[in-house]
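Undergrad: One structure follows; several queries about it will come next.
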Amino acid sequence: MLSVMGTPVILESANSQHLLQMVRKVAPTQNAVLILGESGSGKEIVARAIHQFSPRAQKPWIDVNCAALPAHLLESELFGYEKGAFSGADSVKQGMFELAHGGTLFLDEIGELEIGLQAKLLRILDGTPFFRLGGTRKCNFDVRIVAATNANLQESVKRGRFREDLYHRLNQIHLRVPPLRERPDEIEPLAMYFLRKQDASLHLSPEALEVLKSYAWPGNVRELRNAIAMAAIFVEGVEIQPFDLPPEICNTPAEAVSTAGLRLDSVEQETLFKALRQTGGRQDKAAALLGISRRTLIRRLKTYAEQGISMQCGMAVAEIGQ
């Protein structure tokens, strides 16, 4: 297990090992790096690794989420401002470029950057000194830029939403972070790592592990972490079963989990019954927990009753017809 700026990183798959080799080669250079990958796949970890393995490792690491701040705030965050530059500017504020001097500035979700700021960012990346907002003295800082996006920037360029010149300036080197579904060897160790962090006394049943391995993980590592956290909270006992996992993960095609001796309908039934038990038979709360409507929940219960399936939750039986 590799530690990246204090965060343990699991690299069990060949794809991840290859990516790590590329990171080690890129890190010592001064080139801008564009990291591509789906949301939750680990792009920020890769950016941090580039900084850690670079000659700038002892210098500042500053990260900015370009999608989290409105354009008028993002400009002042990036470039700073002078006292009196606008109403409320009571003192000088250093911008992110200034704070990152000598180190690395990570621009996450770069595809969300407002088009007007893209032009200013391009000039700075080309080495042009800039003014703080309201300033009269030009600033120039030594910063290595690493950017990341889950968007298709080439398509954004075609649609006029992203400057082509900025795209090529950022894309001096690009790295693709493979999604979790392309790193199946890492699902089990990642799940066990997240489970130990949540509750070291718990463990995964072979059936639950099989379900995890069969799922496509559209939310990638972030979704896996959340699924394990939810299962650890709601599990009864010390062993997580498939029905302890979020419902959308249990709804794996039956053939995908047949080797574990499971049936999809039985997994769904047990998940629904478990939600009712945890909510004291309250259908509205159980439906909210499962992420379905109360009407859908009642329809499922009626179907089970018609099939003669035991509710396993006496307090819910009387409510089926209500």
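Undergrad: What number of lysine-lysine pairs in the chain show an alpha-carbon separation below 29 angstrom, given a sequence spacing of 8 or more or placement on distinct chains?
TA: 26
Undergrad: Just rank E82, E114, fewest to most, by other beta-carbon atoms within 10 angstrom.
TA: Fewest to most other Cβ atoms nearby, the residues stand as E114, E82.
Undergrad: Using 7 Å Cα-to-Cβ label points, what is the H101/A68 separation (nm, one decimal)?
TA: Between H101 and A68, the simple spin-label model gives 2.4 nm.
Undergrad: Turning to a different aspect of this structure: Scale the Cα Rg of the chain by the rule-of-thumb value 2.2 N^0.38 Å and send over the ratio, two decimals.
TA: 1.27
Undergrad: List the relative contact order of the chain as a percent without decimals, with contacts defined as Cα pairs under 8 Å and 6+ residues apart.
TA: Answer for the chain is 17 percent.
Undergrad: In deg cm²/dmol, rounded to 500, what helix-only [θ] at 222 nm does the chain give when every DSSP H run of at least 4 residues adds -39500 (n - 2.57) and the total is split over its residues?
TA: For the chain, the value works out to -12500 deg cm²/dmol.
Undergrad: Take segment 2-178, compute every pairwise Cα distance, and split them into 10 Å bins from 0; I just need the percent in each bin.
TA: Histogram of Cα-Cα distances, whole percents per bin: 9, 37, 35, 15, 3, 0.
Undergrad: Something else: Count the DSSP beta bridges whose two residues both fall in the chain, then state the antiparallel fraction as a percent rounded to the nearest 5.
TA: If I count the DSSP bridges inside the chain, around 25 percent turn out antiparallel.
Undergrad: Arrange V9, V4, V46 by Cβ neighbour counts within 10 Å, fewest through most, would you?
TA: Neighbour counts put them in this order, fewest first: V9, V4, V46.
All of the numbers you see were taken from the coordinates with simple rules; none came from a lab. Worth saying up front: this structure is predicted, and the values here are computed from it rather than measured. In this analysis, Cβ positions are derived from the backbone assuming ideal geometry, glycine residues included, and neighbour counts consider all displayed protein chains.
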